[in-house]
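The values are calculated or read from the model by the stated rules, or taken from the named source; none is laboratory data. Since the model is a prediction, treat every value here as computed from it, not as a measurement. Every residue, glycine as well, gets a Cβ built from its backbone with ideal geometry; the counts of neighbours run over all protein chains shown.
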Amino acid sequence: MLVEMQVTGLTIDPANNAPIVILREKAGVRVLPIWIGVIEASAIAFELEQVKLNRPMTHDLLKTCIELLGGRVDRIAIVDLKENTYFATVYLECQGRQVELDARPSDAIALGMRARAPILCAERVLAAAQARQVSAAGAAPPETGVEDDRGDAGPRPLVLDPDQKFGLDLLERLEPNAFGKYKM
């Protein structure tokens, strides 16, 4: 079963300054945090803040290509969680047939937002992520049948400071070394 989600914002993991995109259940209260890269976060932030750039970003280019080839983004879905990595699928409607593309969640979300397509999450992925958050916080996880094998690099419990929003002001304050191996 797929659950409709909405992007409610971006924040920063205080432990390592990594951006996190926050998806919230549209008809509920569950939250799915997904750690993403700085470049992907900027693509999502531009769309959240409705910033119009002079030149297209990669996700804008992909959306335009899909449309010029007679297709449209039907929906995107976070479909799996394996070894601390989320997997997504972009569903295209193209000349009467359904096309499925494997994608990173951050890219799928950025494209889906631009296309105004529904963002979905598999119920079992949402349940597994919630169990990991509860387990990492030190409480007993709910009965989901999912073992907590996060390791040090996996999802952490979500603790959000409402004043710690990720936006253009944060991008402007980042130091060059915040981009890690990427050089500006």
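All of (1) surrounded by 17 or more Cβ atoms within 10 Å (Cβ to Cβ); (2) outside any loop (DSSP other than H, G, I, E, B); (3) modelled with pLDDT under 95 hold for Asp107 with one exception: (3). Determine which single condition Ile44 fails, assuming it passes every other condition in (1) in a helix (DSSP H, G or I); (2) touching a strand residue (DSSP E or B) at 6+ places or on another chain (Cβ under 8 Å); (3) surrounded by fewer than 21 Cβ atoms within 10 Å (Cβ to Cβ). For Ile44, the failing item is (3). Can you say whether Arg116 is within 16 Å of the chain's Cα centre (by Cα), modelled with pLDDT of 95 or more and of a type in the set (Lys, Arg), as far as the supplied structure shows? Yes. Within the bounds of the stretch 28-36, is there any residue that is touching a Phe, Trp or Tyr at 6+ places or on another chain (Cβ under 8 Å) and either among the hydroxyl-bearing types (Ser, Thr, Tyr) or more than 17 Å from Leu126 (Cβ to Cβ) (or both)? The answer is no, given that none of the residues of the stretch 28-36 is touching a Phe, Trp or Tyr at 6+ places or on another chain (Cβ under 8 Å) and either among the hydroxyl-bearing types (Ser, Thr, Tyr) or more than 17 Å from Leu126 (Cβ to Cβ) (or both). Scan the stretch 12-24 for residues that are in contact with a strand residue (DSSP E or B) (Cβ under 6 Å, 6 or more places away or on another chain) and either of a type in the set (D, E, K, R) or not in a strand (DSSP E or B) (or both) and report the count. Of the residues in the stretch 12-24, 3 are in contact with a strand residue (DSSP E or B) (Cβ under 6 Å, 6 or more places away or on another chain) and either of a type in the set (D, E, K, R) or not in a strand (DSSP E or B) (or both).
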